[in-house]
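This report refers to the structure that appears directly beneath it.
Derivation of every value follows stated rules applied to the coordinates shown; laboratory data play no part. Remember, predicted model here, so these are calculated numbers, not experimental data. Note: ideal-geometry Cβ built from the backbone for every residue, glycine included; neighbour counts use all protein chains shown.
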Amino acid sequence: MNSLKITTETIRAMKTRGEKIAALTAYDYPMARLLDEAGVPLLLVGDSLGMVVLGYPDTTHVTMAEMEHHVRAAARAKPNALLGGDLSYHSYETVDTAVADAKRLVAAGAEYVKAEGGREILPQVKAIVAAGISFCGHLGMLPQHVLEEGGYHIKGKKDAEHQALLEDAQALADAGAFAIVLELVTPPVAKEISQRISVPIIGIGSGPDCDGQILVTQDLTGSFPWFTPRFVKPRLNTGEQIRTAVKQWKASLQP
Ligand code: KIV
């Protein structure tokens, strides 16, 4: 066994040591390989691929077949990083479909699966874990519910939301989730959850005090320049660099 291979235990041990966990999305072979070579320990084939790769308006359009296709591509990089995949919208409505679809992602090369929700999906989470599949939770703003919620709203401002987030996070940890993504949660609540829950809390737009941070790689690199979330500071301007390089190449063809 490759001694550099990251496992769910490695990720949990990082929290214990107080080492911040860097996580990024990768939807294909070159990006999974580049991020792995850069030393990112946790990779996700997120259903955000719907927007930043497939051109859908939100994640609700992504199918399991599309997730499998992209998990297969990313897994071909054989990263040392732990590579997971999102269960697509509607794919985990029952215990049976949750387990069957989690197995499809594992067969495609995922080493963990992620699904959105708390206590309402606990039977599915327990069944996935009982099937021997590592599970990552996702709480806070749930992008698969963006249409019902009428947008991407910050969670945890109201006492009831704060309490529900804590109870959901505890329930997911008790059910065997090895980590939980916390999206768009107010920073003080995200900090409290990170301190009170034993499994790593990976924030996105939830302030600096989570155990780790996850970003959509296209947001970090400026390679989906038509929209960047407010909480991301892009480190590259890849979109503009591509336009410039292509214009220069096109001009160079002229006699
Ligand atoms: O779909 C996704 O990429 C995600 C992360 C950004 C957390 O769920």
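Express as a percent, rounded to the nearest 5, the fraction of DSSP beta bridges in the chain (both residues included) that run antiparallel. Can you show the working numbers first?
On the way: 1 of 29 bridges.
Of those bridges, close to 5 percent are antiparallel.
Normalised by the number of residues in the chain, what is the relative contact order in percent for Cα pairs under 8 Å and 6+ residues apart? Display every interim value, and only then the final one.
Working: 491 pairs, mean separation 40.5, N = 255.
Relative contact order for the chain comes out at 16 percent.
Output needed for the stretch 1-133: three equivalent-ellipsoid semi-axes, defined as square roots of 5 times the C-alpha gyration tensor eigenvalues, in descending order, whole Å. Please report the intermediate quantities before stating the final value.
On the way: eigenvalues 103, 72, 36 Å².
Rounded to whole Å, the semi-axes are 23, 19, 13.
How large is the Kirkwood hydrodynamic radius of the chain, in angstrom, based on all distinct alpha carbon pairs? Let's see the in-between values first.
On the way: mean 1/r = 0.0539 Å⁻¹.
Value: 18.6 Å, from the Cα pair sum.
Along the Cα→Cβ direction, 7 angstrom out, place labels at Ala131 and Ala38. What is the inter-label distance in nm?
According to this spin-label approximation, the distance is 3.2 nm.
With each run of n ≥ 4 DSSP H residues scored as -39500 (n - 2.57), what mean residue ellipticity at 222 nm is computed for the chain after dividing by its residue count and rounding to the nearest 500 deg cm²/dmol?
Values: 11 runs with 109 residues, N = 255.
The helix-only estimate for the chain comes to -12500 deg cm²/dmol at 222 nm.
With 5 Å bins from zero, work out the P(r) of the stretch 157-223 over every alpha carbon pair and list the percent per bin.
Pairs per bin, as whole percents: 4, 19, 27, 24, 14, 7, 5, 1.
Which percent of the Cα-Cα distances in the stretch 58-189 go past 22 Å?
Numbers: 3125 of 8646 pairs.
Roughly 36 percent, once rounded to a whole number.
Quick one: length gained pulling His153 to Lys247 fully straight, 0.36 nm per residue minus the C-alpha distance? Before the final figure, lay out the partial values.
On the way: separation 94, 0.36 × 94 = 33.84 nm, distance 3.88 nm.
Contour length minus Cα-Cα distance gives 30.0 nm.
Mind giving me the FRET efficiency for Arg119 and Lys78? R0 is 45 Å, r the Cβ-Cβ distance, nearest 0.05 is fine. Write out the running numbers ahead of the final one.
Values: r = 36 Å, r/R0 = 0.80.
The formula returns an efficiency of 0.80 here.
So how do 19-28, 80-89, 151-160 stack up, highest first, on mean other-Cβ count within 10 Å? Please report the intermediate quantities before stating the final value.
Details: 19-28: 21.4, 80-89: 25.8, 151-160: 13.2.
Ranking, from highest mean packing down: 80-89, 19-28, 151-160.
Given charges of +1 on the Cβ of Lys and Arg and -1 on the Cβ of Asp and Glu, with all other atoms neutral, how large is the dipole of the stretch 8-215 about its Cα centre, in debye to the nearest 20? The partial results should precede the final answer.
Working: 18 positive and 27 negative charges, 117 e Å.
Using only the charged Cβ atoms, the result is roughly 560 debye.
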